[in-house]
Amino acid sequence: MSQRGKLGNQAEVFAQQLSDTINSVIDGKHELMLQAVQGRYVLEPKRRADGEKMPCLDLHLPESTKRIGRLQFRYEMTLDHQHEYLKVVLSNFAIRAEADGTALIRLDYEPINMQGTRAPVSHWQIQAHHNALANWLTLAHATQRRSGNQSGRVDKIHLAVGGERFRPCMEDLLHLLVTDLGVATKNGHMRAIQEGRARWRELQLRSAVRDNPAIAAEVLANCGYDVTPVEPKASRPDKHTHY
């Protein structure tokens, strides 16, 4: 099978699994859209015909049909460095306020844009305000001689959350929507969240093992396995050093 065909097949499986999870958790019917864009596959909510600026999923509270907010997300996917397994190269999630569309909580993974220098490759951003913290940020902004008009803005803080391999997943955001923000759900939603999270972490574990197979072999040997290398792959420890 060609690399493009392999990528398309794995992206479709990922999209279906995510759709199943979302539709098992958030009340209502939610459609996702997967499309090929410049050599990548992009997955996001399906755009509606009502002229919305960004594709989002509607959120409401139990026993209410009034929308309280929206869930926006986007995945960009390719094959990994071995051209074998699906790799998410960018993901953005945002819980947006209904009133003005402000992103109240963001979870971003942007290794290409960040490269672990300006901000963590994976990070939370939260829209909040406290005078003391705002003043601190303003002073830090001036000291670092940064340009722009973002001094004092708490929502510009990037909170590191595990880098490329150990970052949170969509299911973690869904869990937050349920337990802390009280959105309407469906029966069995927690099981769907747990199963989806387990799938994600297994995928990330497999990727982490491929990054450093020597460590994986060492740990397996300590657990009683007989590990014999045949054609050992080169390690990629840099994947575990990114901010």
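The values are calculated or read from the model by the stated rules, or taken from the named source; none is laboratory data. Computed from a predicted structure; not experimentally measured. Because the Cβ atoms are built from the backbone with ideal geometry, glycine has one as well, and the counts that use them run over all protein chains shown. Quick note on the areas: whole protein, heavy atoms, side chains included, nothing else; ligands and nucleic acids left out. Shrake-Rupley method; radii C 1.70, N 1.55, O 1.52, S 1.80 Å.
Within the stretch 216-241, the only residue that satisfies the criterion of being in contact (Cβ under 8 Å) with a residue 12 or more places away in the chain and aliphatic (A, V, I, L, M) is 217.
When residues of the stretch 181-194 are filtered for being of a type outside the set (Gly, Ala, Ser) and surrounded by fewer than 16 Cβ atoms within 10 Å (Cβ to Cβ), how many remain? Count: 6. Residue 234 meets each of the listed conditions (1) closer than 25 Å to residue 16 by Cβ; (2) exposed (fewer than 13 other Cβ atoms within 10 Å of the Cβ) apart from (1). Taking helices (runs of 4 or more DSSP H) as the structural unit, those lying wholly within the stretch 153-243 and holding at least 3 residues that are touching a strand residue (DSSP E or B) at 6+ places or on another chain (Cβ under 7 Å) correspond to 170-179.
Strands (runs of 3 or more DSSP E) fully within the stretch 1-117 that include at least 2 residues being open to solvent by less than 70 Å² (accessible area, probe 1.4 Å) and over 26 Å from residue 129 (Cβ atoms): 32-37, 40-45, 56-60, 67-79, 86-97.
Quick one: would you say residue 142 is among the small types (Gly, Ala, Ser), open to solvent by 80 Å² or more (accessible area, probe 1.4 Å) and at pLDDT below 90? Against the criterion (among the small types (Gly, Ala, Ser), open to solvent by 80 Å² or more (accessible area, probe 1.4 Å) and at pLDDT below 90), residue 142 does not qualify.
The single condition among (1) open to solvent by less than 100 Å² (accessible area, probe 1.4 Å); (2) among the β-branched types (Val, Ile, Thr); (3) modelled with pLDDT under 90 that residue 219 does not meet is (3).
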